[in-house]
Amino acid sequence: MSRMSRKPLLFAATLGVAVVGWYFFRPERAFLDTRVTEAAPVGSATVLLRGGFVSREHEGRGRAEVLQLADGRRILRFTEFETLNGPDLQVYLLGSADAAGRGDLDAHGFLSLGALKGNAGDQNYEIPAGADLSKYRAVSVWCRRFGVNFTTAPLAPPAT
């Protein structure tokens with residue numbers, strides 16, 4: 001094979017690696033914010049658990065509260081929330097006060113509440129009716145693709 005005929009193959013291979021790398025890492029998300037502005041649930045609500053976000057692999061801030069609504073539903077609410085954006089971010093209730101890696105999730109358990117709606121702003125996540133909240137100690141924004149805990153809010157009953 002001549003040197004000239006190898007150039008298109010080398011270009012195609014380099015382009016393929018770049019596209020795959022972009023797909024997995026999505027570097028542009030580190031610079032793009034997705035802001036969410038969901039209203040607090042309407043009606044009376046009792047705060048069952050609350051906590052403040054602390055940084056883990058990435059900086060995080062804001063508050064998390066588990067609310068019991070008058071109709072019996074339970075909602076996890078983030079207020080003044082902010083963290084770095086990333087690929088495949090999920091909201092997990094953790095069976096421990098923190099999780100450093102996938103092994104901690106497996107050892108202590110977790111409950112997925114779905115994809116993070118945005119890396120900034122106020123947002124609500126419905127907690128399944130049958131979920132036993134006594135099993136969960138924190139909420140995490142977890143990057144499922146890389147097994148990384150972006151930020152965690154340890155949860156505790158509010159002070160009376």
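Given points 7 Å out from each Cα along the Cα-Cβ axis, report the Thr79 to Lys7 separation in nanometres with one decimal.
6.3 nm
With an 8 Å Cα cut-off and a minimum separation of 6 or more residues, compute the relative contact order for region 69-160 in percent.
Working: 169 pairs, mean separation 34.6, N = 92.
Across region 69-160, relative contact order equals 38 percent.
Across region 113-126, in residue order, what do the Karplus-derived ³J(HN,Hα) couplings come to in whole Hz, using 6.51 cos²θ - 1.76 cosθ + 1.60 with θ = phi - 60° and x for Gly and Pro?
Ordered by residue, 3J(HN,Hα) equals 9, x, 5, 5, 6, x, 8, 8, x, 8, 8, 10, 10, 6 Hz.
Provide the per-residue ³J(HN,Hα) series for region 59-68, in order, calculated from phi with Karplus coefficients 6.51, -1.76, 1.60 and θ = phi - 60°, each as a whole number of Hz, with x at glycine and proline positions.
Once θ is set to phi - 60°, the couplings for region 59-68 become 5, x, 8, x, 10, 10, 9, 9, 10, 9 Hz.
Each residue of region 50-57 in turn: what ³J(HN,Hα) in whole Hz from Karplus with 6.51, -1.76, 1.60 and θ = phi - 60°, glycine and Pro shown as x?
Going residue by residue, I get 8, x, x, 6, 10, 6, 10, 6 Hz, with x marking Gly and Pro.
How big, on average over all directions, is the shadow cast by the Cα convex hull of region 20-151, in nm²? Display every interim value, and only then the final one.
Working: hull surface 31.5 nm².
Taking a quarter of the hull surface, the average projection is 7.9 nm².
To the nearest 10 square angstrom, what accessible area does Glu80 show with a 1.4 Å probe?
120 Å²
The values are calculated or read from the model by the stated rules, or taken from the named source; none is laboratory data. Just so it is clear, the structure is predicted and the values come from calculations on it, not from any experiment. When we count neighbours, we look across all protein chains shown, and the Cβ atoms used for this are built from the backbone with ideal geometry, even at glycine. Note: areas computed on protein heavy atoms with side chains; ligands, DNA, RNA excluded. Shrake-Rupley method; radii C 1.70, N 1.55, O 1.52, S 1.80 Å.
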